[in-house]
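Below is one structure; the comments refer to it alone.
The values are calculated or read from the model by the stated rules, or taken from the named source; none is laboratory data. Predicted, not measured: the structure shown is a model, and the values here were computed from it. Here the Cβ positions follow ideal geometry from the backbone for every residue, glycine too, while neighbour counts run over all protein chains shown.
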């Protein structure tokens, strides 16, 4: 998704209008980055916002920040537990 020069807008839409124009409104969320506030009888009940594409994946997030000391697969806990004595 290309970033636009204008800031994202918040649009308020009633639940009946959202139901009738759902695909059109979601297209605006996806292409323009607009957020929707869906209301029922004038009170907000839900928001629809675009997914941030710049989010970093969780895999490898802590790469290079953690040091593993010892064997983490085959651990001998017998010295740590009183129940085994």
### Task
Residues being at pLDDT below 90 and touching a helix residue (DSSP H, G or I) at 6+ places or on another chain (Cβ under 7 Å): count how many of those fall in region 8-34.
1
### Message
For region 32-50, which positions are over 16 Å from residue 10 (Cβ atoms) and surrounded by 10 or more Cβ atoms within 10 Å (Cβ to Cβ)?
### Response
40
